[in-house]
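What follows draws every value from the coordinates through simple rules; no lab data is involved. Values in this document were obtained by computation on a predicted structure and should not be read as measured data. Note: ideal-geometry Cβ built from the backbone for every residue, glycine included; neighbour counts use all protein chains shown.
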């Protein structure tokens with residue numbers, strides 16, 4: 001089976017890793033990785049190099065980065081991506097496309113394949129993020145796809161509702177749980193040696209992405225977050241930088257300014273999956289609006305203050321507190337978690353066998 005696996009960012013690549021390893025090791029599959037989006041951007045760490053450093057070949061590198069973070073720039077990038085991928089789908093023959101998630105670049109790459117009739121297998125469909133335009137792209141990819149691998153039973157049910165059929169819809173759990181069960185996460189001394197970050201100090205892992213539905217309010221939102229962080233005492237802040245979304249550059253600039261003027265704050269452009277998950281394990285809590293605060297954080301489990309509406313609609317487990325992006329409420333939420341004991345065990349995202357289940361399903365698909 002000749003597979004085109006699409007990866008457009010550090011985030012989806014880190015999730016893909018268990019599946020990539022299974023596909024690479026099995027001679028049944030002819031794996032072709034197509035890297036695009038922020039992977040090729042120096043500003044975002046040129047993370048395509050991480051793919052090759054991990055021992056994978058990159059068959060195609062496609063420059064699809066937007067020229068800025070305005071709605072117009074994002075729309076232009078979507079068009080640029082569709083044109084670039086129309087050439088790829090025309091020149092190369094694939095049995096299957098594997099796409100993960102909900103990014104605008106992923107949507108455009110998949111949309112370009114539709115006239116060519118190449119089946120798509122979609123990972124992480126059925127999820128909802130009402131504060132982000134990614135919600136629209138995710139459900140659109142679901143409609144384009146023939147095969148569906150969801151992370152939880154609730155998400156499987158939503159895919160079935162969207163498609164009007166349960167054919168080829170599999171709840172396999174989350175690949176991130178495979179990652180976490182197989183990885184030897186770094187110790188606090190190892191993280192300190194690698195990044196000069198000492199997580200023996202009480203630390204909050206922060207990732208704040210733009211809200212892309214109501215993006216006009218992002219300037220106010222980031223200021224509310226910063227004012228809250230100025231008021232909170234007794235923590236080190238470890239920032240993962242935001243996605244390439246509408247007004248993302250503005251948020252990055254504001255956060256970098258805060259980091260430079262506060263010696264208890266550290267910013268990292270691209271952790272890589274191993275380091276990021278290791279930091280998650282050792283941090284006191286998480287704060288922000290990243291999807292990793294839902295699935296990956298549930299594994300440990302880690303307390304998460306999810307702010308705003310970007311992730312609104314995802315399954316809220318007992319370790320998560322949804323909080324408006326308001327200074328006083330963020331400060332209060334941090335104080336509330338600081339006094340709590342460890343979060344309760346959570347087990348809704350599978351047992352760490354998602355990659356194997358996908359491989360088995362793909363082999364069965366080839367017999368149809």
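Full extension of the chain between residue 128 and residue 161 yields a length gain of 10.6 nm, computed as 0.36 nm times the residue separation minus the alpha carbon distance.
Compute the separation of the alpha-carbon centres of region 141-192 and region 276-326 and state it in Å as a whole number. When both Cα centres are located, 17 Å separates them.
Cβ crowding within 10 Å ranks 133, 365 as 365, 133, fewest other Cβ atoms first. Between the helical axis of 354-366 and the longest alpha-carbon principal axis of the chain there is an angle of about 20 degrees.
Averaged over residues, the count of other Cβ atoms within 10 Å places the peptides 335-341, 260-266, 193-199, 250-256 in the sequence 250-256, 193-199, 260-266, 335-341, highest first.
Considering every alpha-carbon pair of region 188-338, the percent of pairs per 10 Å bin, from zero through the bin containing the longest distance, is 11, 45, 38, 6, 0. Extending 7 Å from Cα along the Cβ direction at residue 233 and again at residue 368 yields two label points whose distance is 6.1 nm. This ranking places 178, 26 by how few other beta-carbon atoms lie within 10 Å of each, fewest first, which gives 26, 178.
Protection proxy ranking, highest mean first, for peptides 37-48, 237-248: 237-248, 37-48, where packing is the per-residue count of other beta-carbon atoms within 10 Å, averaged. Based on Cα contacts under 8 Å between residues 6+ apart, region 188-338 shows a relative contact order of 27 percent. Sorted fewest first by neighbouring Cβ atoms within 10 angstrom, 175, 312 come out as 312, 175.
Both radii are taken from the alpha-carbon atoms of the chain; with Rh as the Kirkwood radius, Rg/Rh is 0.95.
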